[in-house]
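Structure, as structure tokens:
The values are calculated or read from the model by the stated rules, or taken from the named source; none is laboratory data. Note that the coordinates shown come from a computational prediction; the quantities given were computed from them, not determined experimentally. Reconstructed Cβ throughout: ideal geometry from the backbone, glycine too, with neighbour counts over all protein chains shown. Calculation scope for accessible area: heavy atoms of the full protein, side chains included, ligands and nucleic acids excluded. Shrake-Rupley method; radii C 1.70, N 1.55, O 1.52, S 1.80 Å.
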Amino acid sequence: MICPHCNANLLYKERSGRTCSKCTKKFAFDPRTNELQLHDLRIRKLAGKLTDSGRLTVTVGQLEAAASRRKTRSGSGLAEAIGCAVVGGPVGIGLLIGGVYAEGAGTVLSFFGAFLLFAVVVTVVSAVRRSRHRKHGIGIRASRGYLLREWMAVYGSLPAGVVDEKRVHDIHQPEHPKAVLLCPDPSVIAFLALNGIPERYGVSLVARPYGAPDGVPVVVLHDASPEGCQLARRTREALPGRRVLDAGLPPSAVMNASGALSLRGARPSKDQMGRLRAESTLTGPELEWLAKGWISPLVAVPPAKLLATVSGVLERVLVTDPGRREAEAVGFLTWPGESGSG
């Protein structure tokens with residue numbers, strides 16, 4: 001890895017204790033010793049990209065999600081394991097059968113054939129398990145201890161433009177809000193507050209329906225998940241008679257999108273899927289994706305894309321001419337690089 005202080009190219013043995021043997025300065029991350037393969041230069045590069053070179057302020061959660069996205073893109077190794085099985089399986093079987101009929105060295109051939117088949121089975125089973133049990137939050141939360149402990153210990157502050165959402169308390173709440181943004185994710189709430197959404201549009205940011213001021217429309221932001229896809233309905237039930245708009249992240253925006261952070265956890269219950277089928281407008285492929293346990297967190301949406309989309313939705317919601325209220329069917333996002341807009 002490259003030393004973030006002196007730019008020396010360090011072998012693993014030259015950076016013992018996360019200290020550069022050339023300049024003797026300590027660094028926060030060693031890619032060999034953390035799950036997300038983080039190192040300081042990568043964190044700085046990620047922070048610069050997320051903040052749009054300092055134009056935005058982002059949260060620790062968004063930085064964690066960006067780090068996790070690169071890790072999950074590397075996959076479980078299932079494709080490589082299948083390739084190994086295609087090549088290694090026939091060879092192992094051939095050696096095993098050859099050993100049965102061969103004289104002299106037959107035992108050796110059978111041993112190597114059996115060993116090769118065993119190795120192929122172990123490789124494929126391990127890859128399948130990694131693919132099936134990629135839990136929501138494991139990758140995203142893996143770096144929090146480093147960012148708030150190791151990074152701070154070395155540098156004294158978070159990377160430029162990155163803020164710990166847990167320290168964002170004084171969120172501006174307009175006295176007479178024009179609308180409400182409802183989002184359960186504290187990282188997203190903090191991000192929108194830090195980048196001036198309440199002041200710019202005169203909206204309140206709340207985490208629960210019961211915190212919404214009376215008499216104004218409610219825009220719902222949520223993950224692409226079974227719980228998220230039911231949030232708008234639950235908000236309407238909690239706030240009867242209120243204009244509630246679902247601007248959340250739909251599964252269609254991420255399920256086939258290159259670079260999107262999709263994580264696999266526990267499958268939703270049959271009852272939950274039944275409610276989704278009966279109460280939502282999700283398509284068959286979206287429902288199938290959710291039923292397999294896939295989700296995509298809102299916090300993983302690139303910050304510039306998230307901010308632009310939320311701004312666009314609010315501009316349409318706050319239009320006073322009823323004939324121009326196209327926001328009733330806003331949808332939310334397509335992933336960067338796709339056609340369409342939120």
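One table, with the values for the structure above:
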{"quantity": "Single match in A224, A207 (criterion: touching a strand residue (DSSP E or B) at 6+ places or on another chain (Cβ under 8 Å), surrounded by fewer than 17 Cβ atoms within 10 Å (Cβ to Cβ), in contact (Cβ under 8 Å) with a residue 12 or more places away in the chain and within 30 Å of G284 (Cα to Cα))", "calculated": "A207"}
{"quantity": "Considering residues of segment 187-201 that are open to solvent by 10 Å² or more (accessible area, probe 1.4 Å) and without any contact (Cβ under 8 Å) to a residue 40 or more places away in the chain only, the residue farthest from the chain's Cα centre (by Cα)", "calculated": "E199"}
{"quantity": "Single unsatisfied condition, A266 versus (1) surrounded by 13 or more Cβ atoms within 10 Å (Cβ to Cβ); (2) within 13 Å of S225 (Cα to Cα)", "calculated": "(1)"}
{"quantity": "Any hit, segment 206-228, residues being of a type in the set (S, T, N, Q) and in a helix (DSSP H, G or I)", "calculated": "no"}
{"quantity": "Residue pairs meeting the criteria (Cβ under 9 Å; at least 6 apart or on separate chains; first within 17 Å of R275 (Cβ to Cβ), in segment 229-247; second part of a strand (DSSP E or B) and open to solvent by 30 Å² or more (accessible area, probe 1.4 Å))", "calculated": "C229/D246; L231/D246; A232/D246; R233/D246; T235/D246"}
{"quantity": "Selection from segment 145-180 of residues that are in a loop (DSSP other than H, G, I, E, B), of a type in the set (V, I, T) and open to solvent by 40 Å² or more (accessible area, probe 1.4 Å)", "calculated": "I171"}
{"quantity": "Criterion violated by P240 - all others in (1) touching a strand residue (DSSP E or B) at 6+ places or on another chain (Cβ under 9 Å); (2) surrounded by fewer than 21 Cβ atoms within 10 Å (Cβ to Cβ); (3) within 30 Å of V203 (Cα to Cα) satisfied", "calculated": "(1)"}
{"quantity": "Qualifying positions in segment 243-273 - out of contact with any strand residue (DSSP E or B) (no Cβ under 8 Å at 6 or more places or on another chain), among the polar types (S, T, N, Q) and modelled with pLDDT under 90", "calculated": "N256, S258"}
{"quantity": "Scan of segment 40-74 for residues that are at pLDDT 90 or above, at negative phi and open to solvent by 10 Å² or more (accessible area, probe 1.4 Å), ordered by number", "calculated": "L41, R42, R44, K45, L46, G48, K49, L50, R55, L56, T57"}
{"quantity": "Any hit, segment 52-59, residues being among the small types (G, A, S) and closer than 21 Å to L194 by Cα", "calculated": "yes"}
{"quantity": "Candidate set: segment 274-302, residues that are assigned to a loop (DSSP other than H, G, I, E, B) and closer than 15 Å to H222 by Cβ; chosen: the one modelled with the lowest pLDDT", "calculated": "S280"}
{"quantity": "Any chance R200 is of a type in the set (D, E, K, R) and over 14 Å from S311 (Cβ atoms)", "calculated": "no"}
